[in-house]
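Have a look at the structure below before the remarks.
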Amino acid sequence: MQTTIKIALFLLTLCACGLSTANAQPPTTPPHPFILTPDKLLHYVETFNKNDQELYRQHIPNAAAAQFLQNNIPLLDCPDKDIEQTYYFRWWTYRKHIRQTPDGFIITEFLPQVSWSGKHNSINCAAGHHLYEGRWLHDPKFLDGYSNFWFRKGGEPRRYSFWAADSYYARWLVNQDQTRLVSFLPDLVKNFERWDKERRDPNGLYWQNDGQDGMEVSIGGSGYRATINSYMYGDATAIARIADLAGKPDLAATYRGKAADIKRRLQEKLWDPKAQFFKVSPRGEVRLADVRELHGLTPWYFNLPDPQYGVAWKQVMDPHGFYAAFGPTTAEQRHPKFAVAYKGHECQWNGPSWPYSTAVTLTAMANVLNNYEQTDITPRDYLDLLTIYAKSHRLKRDDGQVVPWIDENLNPLTGDWLSRTLLRQRKQQPLERGKDYNHSTFCDLVITGLIGLRPRADDTIEVHPLVPPDTWDYFCLDNVLYHGRIITILYDKTGERYGKGKGLRVFADGKQIAEAEKLQRVTGRVGGNRGEGER
């Protein structure tokens, strides 16, 4: 009754203000959470709206945010309020970046117009992040339009580095729209061929300027970077899988061969055995840069490296490496050129913490913890870094009020939004350029990493929470649209919070399909019997 009253009051408020709810489009599958109610979501949205200066409105204004999010996103309940608040805050900000254009829907990176963007203020640098995050929205039309835009409506998919095929395939792992995915196969092949022609040298490695990698003023600089070579490996692997779906085995075999070749060359030529890390190699020189940079962990985003290279992950939790109070840092802190500078270019990648790279690192870290036998990192490390990341989403305003915030880059030692501080000091326009910056993921890290829903191509649901044992007494992720079903994942130590029994449980459309007494990997089949991990 309380929820119904809140929703009714919300809709009456919209009408009283003369605002239409038409912008908040209904999902193709009506949401029907099994355990959680939208009360918590509505409370968070009310608070976010109250504290927000809505400078740049796009398709879904703040007034329509609650209805849109209630219709579209998975709901989260957990004891860590920093993670929980940031989860809802990032969905609230992602919604701001849905832009309707004459060429269909796109997802923006900046809300205000910036001079280095393309058509409709589009920038492909973080488009892979946009697709990974947005694949959990119930209504598919926003990412359908965005996917069309890059190859068919005037987008520029090679202006910056972009793992296009991989992110399109990652979305299919959630929504299973095979017809749409396969329709992009010619576009993705052509895009790969253009990268081959424009950015691959005779040594078999791809090169990129650090600025076009979205990582300007880096210590390692431009050249053969682990980033672009990993993206090309990911795209080759994804194209092979899409070709399998399209019934083109010869094309699939060709691209598996390309992926194997990229992997071999990256491991042979970009690995520094002394530093035990992947590094940049300048074009035209037979040497590696003398610095470890966070992007050297990008290969694990695509499960590329062989097991022996996992030692590189020791740097993530090392305070002389990348670990910091508001990190991880983008360059190792022991390096003499490590800097957190309040002068020069406002977007430096020589030390500050960037959510873009933090998101890549945490996605890669979850892959290591799920797909590799290793002892270099633990689920507790993942939770530690995710908690740091969540707590970094804060801004202390001039009046002393602390509000949720996401911007460009951070001082990893203090949490100050560094670019914002510099731009304000210089009185540069547009106003609050980086506010609500859409250059990273967070919600996908909670869903696929922390709670552990691992998207798969088959009809098996795999769940492997990275919540360390004896850390949380409960959590619930509900209203997850996955393979056309509403998935609910919960852990209840006593069985009293959710009333569904003790332990870890997974439901599809309200039917239990997997369970375990403790936090561990479980699997289940939609519409099938209980899976692995059952008692």
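No lab work stands behind these numbers, since they all come straight from the coordinates. What you are looking at is a predicted structure, and each value in this text was computed from that prediction instead of being measured. FYI the Cβ positions are ideal-geometry reconstructions off the backbone, even for glycines, and counts take in every protein chain you see.
Quick rundown of the values:
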{"item": "Top positive-direction residue, dipole computed over region 414-453 with Cβ charges, set 440, 423, 450", "result": "423"}
{"item": "Sites residue 244 and residue 496 - FRET efficiency at Förster radius 35 Å, r taken between beta-carbons, to 0.05", "result": "0.15"}
{"item": "Sequence of 317, 365 once ranked by neighbouring C-beta atoms within 10 Å, starting from the fewest", "result": "317, 365"}
{"item": "Modelled FRET efficiency - R0 60 Å, residue 339 with residue 254, Cβ distances, 0.05 increments", "result": "0.85"}
{"item": "Ellipticity estimate at 222 nm from DSSP helix runs (n ≥ 4, -39,500 (n - 2.57)) divided over the chain, nearest 500", "result": "-11000 deg cm²/dmol"}
{"item": "Reciprocal of mean inverse Cα separation for region 348-439 (Kirkwood radius, Å)", "result": "14.7 Å"}
{"item": "Neighbour-count order for 493, 81, fewest beta carbons within 10 angstrom listed first", "result": "81, 493"}
{"item": "Residue 193/residue 457 FRET efficiency (R0 25 Å; Cβ-Cβ; nearest 0.05)", "result": "0.50"}
{"item": "Measure of compaction for region 326-482 (Cα Rg per 2.2 N^0.38 Å)", "result": "1.18"}
{"item": "Relative exposure of 474, 323, 342, 437, judged by other C-beta atoms within 10 Å (fewest first)", "result": "342, 474, 323, 437"}
{"item": "Cα-based convex hull volume of region 30-125 per residue, rounded to whole Å³", "result": "125 Å³"}
{"item": "Gain in span if fully extended, residue 49 to residue 141, counting 0.36 nm per residue against the direct Cα distance", "result": "30.6 nm"}
{"item": "Inter-probe distance in nm under a simple model that places probes 7 Å from Cα toward Cβ, at residue 119 and residue 177", "result": "1.9 nm"}
{"item": "Residue 401 paired with residue 429, simple spin-label distance in nm, labels 7 Å along Cα-to-beta-carbon", "result": "2.6 nm"}
{"item": "Alpha-carbon spread of region 465-532, three principal axes, descending order, Å", "result": "32, 22, 20"}
{"item": "Region 197-274 and region 112-175: distance between their alpha carbon centers, rounded to Å", "result": "19 Å"}
{"item": "Using θ = phi - 60° and Karplus 6.51 cos²θ - 1.76 cosθ + 1.60, couplings along region 296-313 (whole Hz; Gly, Pro as x)", "result": "x, 8, 4, x, 6, 4, 10, 6, 6, x, 6, x, 5, 8, x, 4, 4, 6"}
{"item": "Region 162-226: equivalent-ellipsoid semi-axes (sqrt of 5 x gyration tensor eigenvalues, Cα, Å)", "result": "28, 15, 8"}
{"item": "For region 36-186, alpha-carbon Rg relative to the globular expectation (2.2 N^0.38 Å, N residues)", "result": "1.07"}
{"item": "For region 418-535, average projected area of the Cα convex hull in nm²", "result": "10.0 nm²"}
{"item": "Length added when fully stretched, residue 325-residue 371, from 0.36 nm per residue minus Cα-Cα", "result": "13.8 nm"}
{"item": "Point-charge dipole on Cβ atoms (K/R +1, D/E -1) for the chain, about Cα centre, debye to 20", "result": "720 debye"}
{"item": "Coordinate range along principal axes, alpha carbons of region 115-195, Å, largest first", "result": "34, 26, 18"}
{"item": "In range of the label at residue 471: residues from region 410-450 whose backbone nitrogen is under 14 Å from the point 7 Å along Cα→Cβ", "result": "445-450"}
